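Please treat every number below as a calculation from the coordinates, not as lab data. Because the structure is a prediction, the values reported are computed rather than measured. As a convention, Cβ positions derive from the backbone with ideal geometry for all residues, glycine included, and neighbour counts pool all protein chains shown.
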Amino acid sequence: MREIIYLIKKDCMLIVRDASNLVMILLLPLLIATIFGAINSVSEETNKLAIALVDNDKTKISTAYVGRLSKREELEIIQSSLEEAQNATRLGDVIAYLILEPGFGAGLQQFPFITSPSEIRIVSDPKRKMISGMITGITIPTAMELVQERQGSGNSDMASQSLEPLKITHEDYVVESDLPVSAFSITVPQASLWSILACVAIMSSSLATERLQQTILRLKVSPTPMWVILSSKILSCMFTIFVSCVILIVFGKIAFQLNIQSFAMLSFAILCSAFCFAGLMLAIGSIGSNPESVAGAAWSIMVIFAMLGGGMMPQFLMPEWLSYLSNISPGKWSILLMEGAIWRDYSIAEALLPAAILIGLGGLGCAAGIRNLNQEKFL
């Protein structure tokens, strides 16, 4: 154990001594989180709004109303049950859900000769007041269009001069999780991914340098077992990744008031990500002995992982084909698992798939790296 600690300390000191490494691992990801978070904070409410809709009335008029809402360019309507709507809101698949109460269709049919208007409940995150207001501004005119169409042009003036055809009730969706109320809940995990990728590229090049300078050969002929040498490489990469991610998360918590649902889940997510990318580091660092070539290959692979995994564009903004292709990137599963701890309120069962994929990829990377190193002549 003492040898492993010394070797980990040696690897970490090599990283810290080079200021450019700290820039790539910490400063650049911090700038990514800050700049992209600020940009997305301004524009995050301008995209098409994904809304779940629960039709408890189930009449021809309510169905026609849902059809009209679905045609609005501002909305993406997803019809579902109440339980499905709540779960979709909790996981961030939709930003709110609407409930058409019983009697909705009868109220619109009898309007304006009614004692109480049809009721719609808008259930959303209380911190997203703008979203709730935008939905209200869409639902009422849509109902008026339906009323005027039913009454015909002769009675349209009477309808327009009457009270509004809908009663809008706003409710807060209170769950244990904090939904991504700001763009920083998305950009901080993205920045963490970039920090992880920088660690992999830097330590892959460092491993290639040690192989070129025969440092590993000298360790091999020493009393230190080979499994200790390889374990120290994996653990030093995991340690560097864990520390850099913690620094970014703490920065997000202090500077951006980042809401974290589960610190235990977040620690688990970072550990799974660290193991996955440490394995990839060992595999990439063992494919060549030229540090410049290894560094170039590592950065090329990591940038592809970032593009596909959501490091540049959030997953929910990707087209369907690209979202499907992103499954091959460990970056996607790393970000997904971190988001599950920060705002998606992942249960243990929901976290199992991304965690298993990360651990599996890390194991494959470790196996490939050990095989490559054992095949070298000096080993």
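Toward the positive end of the charge dipole of the chain, with +1 on the Cβ of Lys and Arg and -1 on the Cβ of Asp and Glu, the farthest Cα among T34, N21, G288 is that of G288. With each label point set 7 Å from Cα along the Cα-Cβ vector, what nm distance links I140 and L14? So the two model labels end up 6.6 nm from each other. For A96, the residues whose modelled amide H falls within less than 5 Å of its own, excluding neighbours fewer than 5 places apart on the same chain, are A52. Highest-first packing order for the peptide set 65-71, 94-100 is 94-100, 65-71, based on the mean count of other beta carbon atoms within 10 Å.
Considering only C237, S329, A306, the residue lying farthest towards the positive end of the dipole of the chain is C237, judged by Cα position with unit charges set on Cβ. Label positions at S300 and I287, each projected 7 Å from the Cα along the C-beta direction, are separated by 0.8 nm.
Taking amide H positions as modeled 1.01 Å from N, with prolines and chain starts lacking one, no residue 5 or more places away or on another chain lies under 5 Å from M313.
Across segment 238-250, rounded Karplus estimates of 3J(HN,Hα) from the backbone phi angles (6.51 cos²θ - 1.76 cosθ + 1.60, θ = phi - 60°) give 4, 5, 4, 5, 4, 5, 5, 5, 4, 4, 5, 5, 4 Hz, Gly and Pro being marked x. Where (i) 63, 59, 41; (ii) 80, 41, 41; (iii) 95, 34, 32 are the candidate values, the label of the one calculated here for Cα extents along the principal axes in Å is (iii).
Compared with the direct C-alpha span, the chain from E74 to A264 gains 64.6 nm at full extension, assuming 0.36 nm per residue.
Over all directions, the projected convex hull of the C-alpha atoms in segment 168-308 averages 11.1 nm² in area.
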